[in-house]
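The block underneath contains the structure these notes are about, expressed in structure tokens.
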Amino acid sequence: MAGIVLAVAVSGCGAQPDTVARPVSLVASSTAASPAPPSASPSASVDKAALQARAKAAAIAAKGLSPLGVSVTPKQDTAVAYDVTGACGKRVDADRLDVHAAHNRTWSAQGWWISNTAYAYAATPGTDVVAQVKAAVESCRAYTGSDGQYTLHDAVALPAFAGIDATYAFCQTTKRPDNTFVSCVALVAKGTVVSSVWTVHGTSRPDNASGVKQVAAVAADTLT
């Protein structure tokens, strides 16, 4: 999944997360002694506070999921140090070589678990970030993460969103000692900002794919 490791507490049957579902660990967003890419300004000259403000503004609003029936307050609403993906054990160049900031809001409501992280990069175009994530995800079909075994499925076709530069989505099955569940991830990019949504909605791949499309549309509206 894109950048964070999830602890999903399930209730009874299926893989529906309950209200205690939460991110429990993350991939650090900085690597010691990583060189800056040719197009990026030196990190000392990057206004990191401005990047953080851009990331927060790009995240889905706390009440922005109301049209989907999610009206609860986010369980998490904070600046984070997540990378955009950790799929197949990879860390993409945008996260290794460019300065970025991220803000996460996570909701858990009846029928939905949604984690939205917006990333603001100093220099890397969002189209490049999305392409790098796609390459990472499609470089393997299965891998073992710190919290379980992941099987990656085919890409999910997202509709065209007006004003959005690039999109990509996929679903995955996560197997853990206590449960197995399906989730889907979608990314939408505009300029040097990428909004990633990670959702669990229903127990089947079609249900989850439908759910991530709905949330991706909200994320796209927020960016535009």
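Looking across region 171-207, the residues that are in a strand (DSSP E or B) and closer than 15 Å to Val129 by Cα come down to Val185, Ala186, Leu187, Val188, Ala189, Lys190, Val193, Val194, Ser195, Ser196, Val197. Being β-branched (Val, Ile, Thr), open to solvent by 60 Å² or more (accessible area, probe 1.4 Å) and in contact (Cβ under 8 Å) with a residue 60 or more places away in the chain is the requirement here; does Thr124 meet it? Spelling it out, it is not the case that Thr124 is β-branched (Val, Ile, Thr), open to solvent by 60 Å² or more (accessible area, probe 1.4 Å) and in contact (Cβ under 8 Å) with a residue 60 or more places away in the chain. The lone criterion from (1) open to solvent by less than 10 Å² (accessible area, probe 1.4 Å); (2) over 30 Å from Ala50 (Cβ atoms) left unmet by Lys175 is number (1). Of all residues in region 183-208, which are open to solvent by 10 Å² or more (accessible area, probe 1.4 Å), under 19 Å from Thr151 (Cα atoms) and either of a type in the set (Ser, Thr, Tyr) or in contact with a Cys (Cβ under 6 Å, 6 or more places away or on another chain) (or both)? Scanning region 183-208 gives Thr203, Ser204, Arg205.
On the given criteria, is Thr222 among the β-branched types (Val, Ile, Thr), open to solvent by 10 Å² or more (accessible area, probe 1.4 Å) and within 19 Å of Thr106 (Cβ to Cβ)? When the stated conditions are applied, Thr222 passes them. Does Ala94 satisfy the criteria of being surrounded by fewer than 17 Cβ atoms within 10 Å (Cβ to Cβ) and without any contact (Cβ under 8 Å) to a residue 60 or more places away in the chain? Here the answer is no, as Ala94 does not meet what is asked. Contact map, region 75-88: first residue under 17 Å from Ala53 (Cα atoms) and open to solvent by 30 Å² or more (accessible area, probe 1.4 Å), second residue assigned to a loop (DSSP other than H, G, I, E, B) and among the small types (Gly, Ala, Ser), Cβ cut-off under 8 Å, separation 6 or more or different chains; pairs are Asp77/Ala62; Ala81/Ala28; Ala81/Ser29; Ala81/Ser30. From Val197, Val156, which residue is β-branched (Val, Ile, Thr), closer than 17 Å to Val84 by Cα and touching a helix residue (DSSP H, G or I) at 6+ places or on another chain (Cβ under 7 Å)? Step by step, each of Val197, Val156 is checked, and only Val197 is β-branched (Val, Ile, Thr), closer than 17 Å to Val84 by Cα and touching a helix residue (DSSP H, G or I) at 6+ places or on another chain (Cβ under 7 Å).
Conditions tested, residue by residue: (1) touching a Gly at 6+ places or on another chain (Cβ under 6 Å); (2) buried (at least 17 other Cβ atoms within 10 Å of the Cβ).
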position: Lys134; (1), (2): no, yes
position: Val137; (1), (2): no, yes
position: Arg141; (1), (2): no, no
position: Ser146; (1), (2): no, no
position: Leu152; (1), (2): no, yes
position: Pro159; (1), (2): no, no
position: Ala162; (1), (2): no, no
position: Asp165; (1), (2): yes, yes
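Determine, yes or no, whether Val130 is under 27 Å from Ala61 (Cα atoms), touching a residue at least 60 places away in the same chain (Cβ under 8 Å) and buried (at least 16 other Cβ atoms within 10 Å of the Cβ). Spelling it out, Val130 is indeed under 27 Å from Ala61 (Cα atoms), touching a residue at least 60 places away in the same chain (Cβ under 8 Å) and buried (at least 16 other Cβ atoms within 10 Å of the Cβ).
The values are calculated or read from the model by the stated rules, or taken from the named source; none is laboratory data. None of these values were measured; they are calculated from a predicted model. Quick reminder, even Gly has a Cβ in these numbers, built from the backbone with ideal geometry, and neighbours come from all protein chains shown. These accessible areas exclude ligands, DNA and RNA; they are computed on the full protein's heavy atoms, side chains included. Shrake-Rupley method; radii C 1.70, N 1.55, O 1.52, S 1.80 Å.
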